[in-house]
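K.L.:
One structure follows; several queries about it will come next.
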Amino acid sequence: MFDALLDAFAWAPGPLSDALAWVVIATFLAGVLLADRRPDLGRGLTAGAWAGFAGFWFVLIPHFAFVHKSYVEGILTVLAVPACLYTGWLLWQGRDSLFVLSRAIAVMGLVYLPFETIPAVVLAGVAVPAPRELLITTVADQTGFLIQTLGFSPTPVTGPETGYQNAFMFTTDGRRLVFEVVLACTGLGSIAIFAGLIAAVKAPLRRKLRGLAIAVPIIYGLNLLRTTFIGIVFGKQYMQFFVDEVLLLFGSSDPYMVSFFLSDRVISQLLAVVALVGITYLVVRELPELLTVIEDVLYLVTKEEHDLHEALDVSRVRTDGAGDEYAVGGDEESKR
C-alpha cells in the first residue's frame, strides 16, 4: 500500500506542478511590475503569488520527502509552505521591502523554468535538444572527465531516468552501479537563486555583473566537485557505514544505496548549505544591497528585526539605485 501511495505522488514534479510554477511566476512578475503604477493591484497580485507559491511547495512535499527520500529537502519543503503564506500576509499588511524578494522569486523562475519545462523541438527539419538536455549532458561530460582524471574508469551509459548520455556505470564487487546526472545535479537551482537576488536589487549594473561573476563560477565549480564526489563514492561503495541504520532512515532495502544516501543526501546537501552561506557573504561584499533581502528573510524566520549592515560593517545604500556609493569595512565611503 505504501509503495502504491508513493507511485501516486510521483507525478508531482511533472506537468501539473510545471504549469502551476509558470502560473505562480507569471503572477509574481505581474505583481511586481504593477507595484509602482497601481500599488493596490500590485500588492494584491504579489500577495496572491506568495499563496500560490505555498501551494506549489505543498504539492512537492511527497516527492521530496518520500520519492526523493531527502530529509533536508523534505523538511525545507514543508517549512516553505507556512513561510510563503506568512510572507504574503506581511506584504499585504504593508512590508514593502518584500517586493524586492518577490522580484527575486520572479527572476529565479524565469531562469530555472525554461530548463525544467521546455522540450526538445524540430525546427526546419533540425532537431534542437531541450535546454535541460544540453545542461545535463555538459555537466555529465565534465563530471566524467574529473572522475577519469582521478584515476577511475566507469563506462558511460544512457541515463535510465532521462535517456540522455549522462550516466556512468561502475562494476564493484560484481554489482553494476549506475550513477546518473540529472537537472538537480547541475547547480542550476543555486545559480537561479543568486541570479534572482542580484537582478532584484536596485544597484548599478557593473556591480551586479561583478556579483554574478563571483557567484556563478563558484557554484558551478563546487557543483562539479559534488557530482564527482558522489559518483566515485557511490560507484566504488566507499561509505558503507551504519548500513542497517541508514537503510531504515531512508526507507530503502538496497544496501548498495547506502554510500549514495550518505554522500548525496547527507554530506553534500549539508555542505551545500555551508557553501551557499559563504557565497552569499562574498557577493554581499560586492553588492551590499542584498542585505535588505537577507534581513527580510531573517525577520520571516525570527519575527525580529536585524541590522546586518551594522553587523558586517557595511554602510546602507540608497534602495532606489541612484548613485553608486557604499562602504565595506570602515566609515569612509568608497566609490566603485
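K.L.:
Can we say LEU262 is assigned to a helix (DSSP H, G or I) and out of contact with any strand residue (DSSP E or B) (no Cβ under 9 Å at 6 or more places or on another chain)? Before the answer, list the steps.
P.N.:
Working: assigned to a helix (DSSP H, G or I): yes; out of contact with any strand residue (DSSP E or B) (no Cβ under 9 Å at 6 or more places or on another chain): yes.
Taking the combined requirement at face value, the residue satisfies it.
K.L.:
Now a separate question. Which one of the conditions (1) touching a Ser or Thr at 6+ places or on another chain (Cβ under 8 Å); (2) without any contact (Cβ under 8 Å) to a residue 24 or more places away in the chain does ILE147 fail to meet, given that it meets all the rest?
P.N.:
Of the numbered conditions (1) touching a Ser or Thr at 6+ places or on another chain (Cβ under 8 Å); (2) without any contact (Cβ under 8 Å) to a residue 24 or more places away in the chain, the odd one out for ILE147 is (2).
K.L.:
Within region 18-41, count every residue that is touching a residue at least 24 places away in the same chain (Cβ under 8 Å) and in a helix (DSSP H, G or I).
P.N.:
Total meeting the criteria: 12.
K.L.:
Ok, one more. Here is a check on your reading of the model: is LEU76 assigned by TED's automatic domain parsing to the domain that holds GLY42 and at pLDDT below 90?
P.N.:
yes
K.L.:
Out of curiosity, is LYS236 closer than 19 Å to ALA140 by Cα and of a type in the set (Lys, Arg)?
P.N.:
yes
K.L.:
Further question on the same structure: May I ask you to say which residue of VAL59, VAL111, VAL81, VAL72 is touching a residue at least 60 places away in the same chain (Cβ under 8 Å) and surrounded by 16 or more Cβ atoms within 10 Å (Cβ to Cβ)?
P.N.:
That would be VAL111, the only listed residue that is touching a residue at least 60 places away in the same chain (Cβ under 8 Å) and surrounded by 16 or more Cβ atoms within 10 Å (Cβ to Cβ).
K.L.:
Mind telling me which of the residues ALA200, ALA213 ends up being crowded, with 16+ Cβ neighbours inside 10 Å, out of contact with any His (no Cβ under 6 Å at 6 or more places or on another chain) and closer than 20 Å to VAL111 by Cα?
P.N.:
ALA200
K.L.:
Quick check on this structure: which one of ALA127, ALA106, ALA192 is without any contact (Cβ under 8 Å) to a residue 60 or more places away in the chain and out of contact with any Gly (no Cβ under 7 Å at 6 or more places or on another chain)?
P.N.:
Values: ALA106 fails: without any contact (Cβ under 8 Å) to a residue 60 or more places away in the chain; ALA192 fails: without any contact (Cβ under 8 Å) to a residue 60 or more places away in the chain.
Within the list ALA127, ALA106, ALA192, the selection yields ALA127.
The values are calculated or read from the model by the stated rules, or taken from the named source; none is laboratory data. It should be emphasised that the depicted structure is a prediction, and the values quoted were computed from it without experimental measurement. Reconstructed Cβ throughout: ideal geometry from the backbone, glycine too, with neighbour counts over all protein chains shown.
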